[in-house]
Amino acid sequence: MTIHSDWVKILKRANGGCFSKQCPTAPHVVFIDGQIKLMCGAHVRTWLHFFQAQFVDTIEKAFATGAEVVVLGFDDYAFVPAAKNMTQQKRVRTVPAAFGEHQELPPAVPEDWANHIMNRCFKVKVIAFVLRNLRRHFAAEHLRTVVIDWTGPPEILGRPIELPALFASGEALKRGECDIKAFAWLALGPTLLVSTDGDFVPLALAQIEAQGIDHPVYIHRMLCRTEAPKKRAADGRTKREFEFVDMQRLLAFVRSEFPESASPARTFGALVALTGCDFSMTLPGAGPTKIWQQRRLARSLDVTAFGGMLAFVTRMYTGLFRAHINTVGLCADTGESTLQSNYAQLSASVKRSAGVNERTQKAFWKGERMEAHVRNTLWTLSYWTELHAFPDPLSGNHGYVKRKKMVAFAGCD
């Protein structure tokens, strides 16, 4: 589900100048999210067309920006966090096509590509096919550098370069998703990140802040429309358009919104994760717009800690439902037990209020689920900040539980 799209709309409405059709300056390195490029249109019928259109052309466009290094990343499934399986289950609308690890790719691109690419064995074979052909394609390259970042240490094609210090130890790092792989390459210089995944926005903010990056960092992503498009294609669909986002300028804005925070990007990221992402459920009754309207509360509370976030949630909902619930007895004490008691009282009041509609009452979480959600949010924030050093979601209290062979959200029926 990635992050809620309204978060980028909020940023764009406040900082339209950070979004442009052209990259403001030439990057030194471009990171391409290869997982996104595995999805192809129905017009692609041959493997040669797939390889050329989805990968060779994409890499050449990256070099055309002025970059000297292009990194192509893919997910390493051995290290994708266990907490991801809830999202993966929701994304599988149909049964993936049958394909075994010992099978070979078919002679032509399958017509039902969407079902095939959901099959992990098939996807791994496709990635291997792409990389074999990239090695051949760039075998004579000596002026430019292509880096393959899939499993194990990155592989360099073309002009040799010195890898970021992260890889010096040679140890196996928990670098699973492309989302977190991308940010190892910020160390090389001005960076352009190419991905339609919304997670890259809070991740980039957190990583620029955490790494102390002072050179330009841009994201090339789908155009964020703050208003409905005036024109649509003949078939009713919106035309696919893209834009560049200046993440350094957005970070300056986030810092201005949370001037008292020790880490403004983490504060913003916590609010983003709170409203739902790959590792947390959608918050009932309050989306990004309502959360952002209450951001003043996050200026006086440390929402990157359990107590501060639970206090934020309780105060935010109290303000939202103030006209319909009994707030007498809510205590200002910040002790964990008091905070839990405050939310439990709030939840009970919302569920029995005649002024709150039935749908909202049913959807509103009890204390156990909300406390687990806050911990899910904070685990996500750790993942976005610590990258390959992320904590095991099932070790400690992060709001996840294991049921049989699957990981689930704690506090759910």
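The values are calculated or read from the model by the stated rules, or taken from the named source; none is laboratory data. Since this is a predicted model, take the numbers as computed values, not measurements. Glycine also receives a Cβ, built like all others from the backbone with ideal geometry; neighbour counts cover every protein chain displayed.
How do the pairs read when you match residues in segment 248-260 that are farther than 11 Å from CYS18 by Cβ with residues anywhere that are aromatic (Phe, Trp, Tyr) and modelled with pLDDT under 95, using Cβ under 6 Å and keeping only pairs 6 or more apart or on different chains?
That search, which allows pairs on different chains as well, returns nothing.
Would you mind stating whether LEU271 is part of a helix (DSSP H, G or I) and under 19 Å from the mean Cα position of the chain (by Cα)?
The answer is yes for LEU271.
Considering ARG240, ARG255, which residue is in a loop (DSSP other than H, G, I, E, B) and more than 14 Å from the chain's Cα centre (by Cα)?
The match here is ARG240.
Name every residue in segment 377-403 that is in contact with a helix residue (DSSP H, G or I) (Cβ under 8 Å, 6 or more places away or on another chain) and in a helix (DSSP H, G or I), in order of residue number.
Correct list: THR377, LEU378, TRP379, THR380, LEU381, TYR383, TRP384, THR385, LEU387, HIS388.
Take the residues in segment 152-161 that are assigned to a loop (DSSP other than H, G, I, E, B) and at pLDDT 95 or above, then tell me which one is surrounded by the fewest Cβ atoms within 10 Å (Cβ to Cβ).
Among those residues, the one meeting the criterion is PRO160.
Please go through segment 364-381 and pick out each residue that is under 25 Å from the mean Cα position of the chain (by Cα) and either at positive phi or of a type in the set (Gly, Ala, Ser) (or both).
ALA372
Looking at (1) among the β-branched types (Val, Ile, Thr); (2) in contact (Cβ under 8 Å) with a residue 40 or more places away in the chain; (3) not in a helix (DSSP H, G or I), which is the only condition THR327 fails?
Failed condition: (2).
Across segment 284-316, what is the total count of residues that are aromatic (Phe, Trp, Tyr) and within 19 Å of TRP7 (Cα to Cα)?
So the answer is 2.
Go through GLU171, GLU141 for me and flag whichever is under 15 Å from LEU387 (Cβ atoms), free of Cβ contacts under 8 Å to residues at least 40 places away in the same chain and out of contact with any Cys (no Cβ under 9 Å at 6 or more places or on another chain).
GLU171
I need a count of the residues in segment 103-122 that are assigned to a helix (DSSP H, G or I) and either within 19 Å of ALA53 (Cα to Cα) or without any contact (Cβ under 8 Å) to a residue 40 or more places away in the chain (or both).
Counting residues in segment 103-122 that are assigned to a helix (DSSP H, G or I) and either within 19 Å of ALA53 (Cα to Cα) or without any contact (Cβ under 8 Å) to a residue 40 or more places away in the chain (or both) gives 7.
Going residue by residue through segment 117-130, is there one that turns out to be in contact with a strand residue (DSSP E or B) (Cβ under 8 Å, 6 or more places away or on another chain) and either surrounded by 14 or more Cβ atoms within 10 Å (Cβ to Cβ) or not β-branched (Val, Ile, Thr) (or both)?
The answer is no, given that none of the residues of segment 117-130 is in contact with a strand residue (DSSP E or B) (Cβ under 8 Å, 6 or more places away or on another chain) and either surrounded by 14 or more Cβ atoms within 10 Å (Cβ to Cβ) or not β-branched (Val, Ile, Thr) (or both).
Within segment 61-81, how many residues turn out to be free of Cβ contacts under 8 Å to residues at least 24 places away in the same chain and either of a type in the set (A, V, I, L, M, F, W, C) or surrounded by 17 or more Cβ atoms within 10 Å (Cβ to Cβ) (or both)?
The number of residues fulfilling the criteria is 1.
For segment 1-60, which positions are acidic (Asp, Glu) and under 30 Å from THR289 (Cβ atoms)? Break it down stepwise before answering.
Of all residues in segment 1-60, those acidic (Asp, Glu) come to 6, 33, 57, 60.
Matches in segment 1-60: ASP6, ASP33.
Residues are listed down the side, and each one gets a yes or a no for (1) within 16 Å of ALA273 (Cβ to Cβ); (2) exposed (fewer than 15 other Cβ atoms within 10 Å of the Cβ); (3) of a type in the set (Lys, Arg); (4) in contact with a Gly (Cβ under 6 Å, 6 or more places away or on another chain):
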position	(1), (2), (3), (4)
VAL350	no, no, no, no
SER353	no, no, no, no
LEU381	yes, no, no, yes
LEU387	yes, no, no, no
TYR400	yes, no, no, no
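Residue under question is SER337, and the condition is that it be modelled with pLDDT of 90 or more, under 27 Å from SER300 (Cα atoms) and assigned to a helix (DSSP H, G or I); does it hold?
no
Within segment 140-186, count every residue that is touching a Leu at 6+ places or on another chain (Cβ under 9 Å), of a type in the set (A, V, I, L, M) and farther than 20 Å from GLY34 by Cα.
Of the residues in that region, 2 qualify.
Looking at (1) surrounded by 21 or more Cβ atoms within 10 Å (Cβ to Cβ); (2) part of a helix (DSSP H, G or I); (3) of a type outside the set (A, V, I, L, M), find the lone condition where GLY198 falls short.
That leaves (2) as the condition not met.
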